[in-house]
Amino acid sequence: MSDNLDPGLNPGNPDPNQNQNPNPPQNQSPNPKAEQAPTFSWQSQIGDDLASAPSIKKFPDTKEGLVQAATSYIQLEKLLGNDKVPIPKGPNDVAARARFNKALGIPDSPNGYTLADVEIPKNMEGLSFDKAKFAEVAHKHDLTPGAAKGLWETYTNMVKQQYANTVKASEEAVTAAINTLREEWGDAYKSKVDLGQMVINRFSDDKEMNDYVTAVLSKDARGIKFLAKIGEQFAENKIGDFKYQRHSLTPDEAQSEWDAIRGNPAHPYNNDRAPQAERDRAIAYVNSLIRIARQRPVGQA
């Protein structure tokens, strides 16, 4: 009876073809190593000749370097439509310098600069500017019209300011001198100053000299005092004291002067009616002329 049993139902007689494990393990291979992402290199894709070029080597072989290279190319492409100007290689590169100057707008001659006229205030009428000379200097140093215009304006304003400062300082000095002498001379101040101005007016060759001497001496109290003293000498008729104060004479000059005095009857030396003090000075002067004239070598007339 046991022979009729289904072999598959007989635990004592299992079917050799039947798998005893209802959930047999699946065949599994070992986990493969994760593959590393390849390193980014754009220069390796353009060929050795291009990759070794200096203009390519200056960019990193990275994504950022590729962006930089592309940006540089775009910027260069924008320049292709512009005029190309050579950079002068030195002072002797005349042709390149001429093209470079032309590109900058530098005129061919100083006349190409359009410099503005300088407005001179009334209190600076003696001030002047040589615009033509300035243009020559600007052109010599290759200044652009804009640079020349700006420098011209700065220069003229600076000079006018310095002039104004000088005038102000001079006026302050004159004021200080006047105040000092007013305190010293009191009511006599005006008359003494007028005497000094008379001296300047008398001996100045022209108005320019008059103005110059007045400006120089009136800045200081000592100058005003000096003029006032000379004026006093004239006012008191004492200027004759200088008559016989002469520079050194040669024997011939002394003889000539002595002869001229002897031939002039009105000279105080010959005029008994001349003031005694003046005649005494004249006699002393003639005696000095005689002493000098006698120093001539023997044999000369």
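The values are calculated or read from the model by the stated rules, or taken from the named source; none is laboratory data. Just so you know, these numbers come straight off a predicted model, no measurement behind them. A quick note on method: Cβ atoms are made from the backbone with ideal geometry, for glycine too, and the neighbour counts reach across all protein chains shown.
Key figures
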quantity: Qualifying residue in region 129-149 (condition: in contact with a Lys or Arg (Cβ under 6 Å, 6 or more places away or on another chain) and either over 30 Å from residue 165 (Cα atoms) or modelled with pLDDT of 90 or more (or both)); calculated: no
quantity: Qualifying residue in region 228-236 (condition: modelled with pLDDT under 75 and not in a helix (DSSP H, G or I)); calculated: yes
quantity: Members of region 99-123 found to be among the small types (Gly, Ala, Ser), assigned to a loop (DSSP other than H, G, I, E, B) and closer than 14 Å to residue 139 by Cα, listed by number; calculated: 105, 109
